[in-house]
Amino acid sequence: MNLAAKTEADRKALSFAMALSLAIGLLMFVMKVGAYLLTGSAAILSDAAESVVHVAAVIFAAYSLRLSYKPADESHLYGHAKISYFSAGFEGAMIILAAIYIIYESVHKWLTGLNLENLGFGVVLTAAAAAINGALGAYLVWLGRRKNSIILKANGKHVLTDCWTSLAVLVGLGLVLVTNWLPFDPICGIIMACNILISGTGLMKSSFAGLMDRADPETQTKLIDILTRESEKHGLTYHHLRHRNLGDAHWVEVHLVFPAGSSLAQAHRDATRIERVIEDSLEPRANVTTHLECASDHDDLHPQEMLPQCGARPASEQ
């Protein structure tokens, strides 16, 4: 399968997964609202509230996924894939908002009086919702990792958060059924909210890291290994390595320093070979830009304070 066909196949798979997530999210919301109307449970109401937030987040994620495939244009020269970080941050913010609401509603119901009915039927609906969301969330995270989609991975984690929320509800309702002590319901709701706060905060941190172009240590190590091996192979050195993740690709920049007397044609061929090795080694893909320099006058043309990076030798030590 060529690159264009693979990209189109990936796009269809991701779009289908996002549509599936939205459809199931709407179904879960209906089920949880029905369970709350039957039981009056604070934990189930909190679970339903999280589903509202989830549906809103999935709609934004679906829009983000569609926009991320839009090609570069005059106003967005690097493309639109960084919307994936905004999407992950939005999902994280929505999770945090849901957790705050769950805590508020649980405390409010505890203080104003608890009245639970039809717990058995509510447990059945909540258990079904947990099972469906667990399977869907695991699928979305798996596919997101396989296709290197930040948007889908974030959405999958949100679905799994919804699953954990439902499991906490089941624990609370189960304890109420066994002990007849109603406060177990809001207590489990509060514990559940604290747990999903951690998940939401993690998504927000990953979003900020991507938007701020934080270097990925694994990518850094791989690039250093490749450049060290290839520079020794071609008899040159490198420095000023920089890279960032655009959401759907890595953007890599590096300066290559060639021995004195190297022809421009040969230097360009060697640089192109190194670029292709990097492009073939990084996932999801890489755009590599190399800057060619000559060792004989490198130190005269560039200030000494520009130190070599990533363990490369200075040009003067060739």
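Find the centroid of the Cα atoms in segment 215-276 and in segment 182-211, then give the distance between the two in whole Å.
That distance is 41 Å.
How are the C-alpha pair distances of the chain spread across 10 Å bins, as whole percents from the shortest bin up?
P(r) over the chain, rounded to whole percents: 6, 23, 23, 17, 13, 9, 6, 3, 0.
Roughly speaking, to the nearest percent, how much of segment 151-264's 1.4 Å accessible area is carbon and sulfur? Present the calculation step by step, with values, prior to reporting the outcome.
On the way: 3330 of 5220 Å².
Heavy-atom surface of segment 151-264 belonging to carbon and sulfur, 1.4 Å probe: 64 percent.
Could you name the aspartates and glutamates whose alpha carbon sits less than 20 Å from that of K233, not counting residues in the same chain fewer than 8 places away?
List returned: D225, E253, D270, E275, E279, D280, E293, E317.
With every protein chain present, what is the per residue accessible area of the chain (1.4 Å probe, Å²)? Can you show the working numbers first?
On the way: 15970 Å² over 318 residues.
For the chain, the per-residue accessible area is 50 Å².
Give me the accessible area of W164, 1.4 Å probe, in Å² rounded to the nearest 10.
150
Please say if segment 131-212 is rounded, prolate or oblate, where rounded means a/c under 1.5 for a ≥ b ≥ c the square roots of the C-alpha gyration tensor eigenvalues, and otherwise the choice is prolate for a/b larger than b/c and oblate otherwise? Each step should come with its number before you reach the end.
Numbers: a/c = 6.43, a/b = 1.97, b/c = 3.26.
It is oblate, given that a/c is not under 1.5 and a/b is not larger than b/c.
To the nearest 500 deg cm²/dmol, what mean residue ellipticity at 222 nm is calculated for the chain from DSSP H runs of n ≥ 4 alone, each contributing -39,500 (n - 2.57), summed and divided by the residues?
Values: 9 runs with 220 residues, N = 318.
Roughly -24500 deg cm²/dmol at 222 nm, from the helical runs in the chain.
Please report, as a whole percent, how much of the solvent-accessible surface of segment 73-113 comes from carbon and sulfur atoms (probe radius 1.4 Å). Kindly include the intermediate steps, with their values, before the conclusion.
Working: 1530 of 2180 Å².
Reported share for carbon and sulfur atoms: 70 percent.
How big is D, in µm² s⁻¹, for segment 17-176 by Stokes-Einstein at 10 °C and 1.306 mPa s if Rh is the Kirkwood radius over C-alpha pairs? Each step should come with its number before you reach the end.
Details: Rh = 16.3 Å.
It diffuses with D of about 97 µm²/s by this estimate.
Suppose accessible area is computed on protein heavy atoms with a 1.4 Å probe; arrange E283, E91, E8, E232 from highest to lowest. Don't skip to the answer; put the middle values down first.
On the way: E283 120, E91 0, E8 80, E232 140 Å².
Putting E283, E91, E8, E232 in descending order of accessible area: E232, E283, E8, E91.
Just to confirm the number: angle between the C-alpha axis of helix 184-211 and the first principal axis of the chain, 0 to 90 degrees, nearest 10?
20
Would you mind working out the magnitude of the charge dipole of the chain relative to its Cα centre, with +1 at each Lys and Arg C-beta and -1 at each Asp and Glu C-beta, to the nearest 20 Debye? Show your work: numbers first, answer last.
Details: 25 positive and 30 negative charges, 186 e Å.
My answer is approximately 900 debye.
Only bridges whose two residues both fall in the chain count here: according to DSSP, what percent of them are antiparallel, nearest 5? Show your work: numbers first, answer last.
Values: 7 of 16 bridges.
DSSP beta bridges in the chain are roughly 45 percent antiparallel.
Students often forget the sequence filter, so: which lysines lie under 19 Å Cα-Cα from K32 once same-chain residues fewer than 8 apart are removed?
Result set, ordered by chain and number: K109.
So if I take the centroid of the Cα atoms in segment 33-63 and the same for segment 86-162, what is the distance between those two points in Å?
First find each Cα centre; the distance between them is then 8 Å.
Straight-line reach from K12: which aspartates and glutamates fall under 20 Å, measuring Cα to Cα and dropping same-chain residues less than 8 apart?
Qualifying aspartates and glutamates at Cα under 20 Å: D248, E283.
Per-residue counts of other Cβ atoms within 10 Å, averaged by peptide: what ranking do you get for 182-188, 286-292, 255-261, highest first?
Details: 182-188: 21.4, 286-292: 16.3, 255-261: 18.6.
Per-residue mean Cβ counts within 10 Å order the peptides as 182-188, 255-261, 286-292.
Applying 1/(1 + (r/R0)^6) with R0 = 30 Å to the Cβ-Cβ distance of D73 and S296, what FRET efficiency is obtained, to the nearest 0.05? If you can, show how the numbers build up before the last one.
Working: r = 41 Å, r/R0 = 1.38.
E(calc), rounded to 0.05, equals 0.15.
Place a +1 charge on the Cβ of each Lys and Arg in segment 123-238 and a -1 charge on the Cβ of each Asp and Glu, then give the dipole magnitude about the Cα centre in debye, rounded to the nearest 20. Write down the numbers at each step before the final one.
Details: 10 positive and 8 negative charges, 48 e Å.
Using only the charged Cβ atoms, the result is roughly 240 debye.
The values are calculated or read from the model by the stated rules, or taken from the named source; none is laboratory data. All figures in this text were calculated on a predicted structure; none of them were measured in a lab. With ideal geometry, Cβ positions are generated from the backbone for all residues, glycine too; neighbour counts draw on all protein chains shown. The area values use the complete protein model at the heavy-atom level, side chains included, leaving out ligands, DNA and RNA. Shrake-Rupley method; radii C 1.70, N 1.55, O 1.52, S 1.80 Å.
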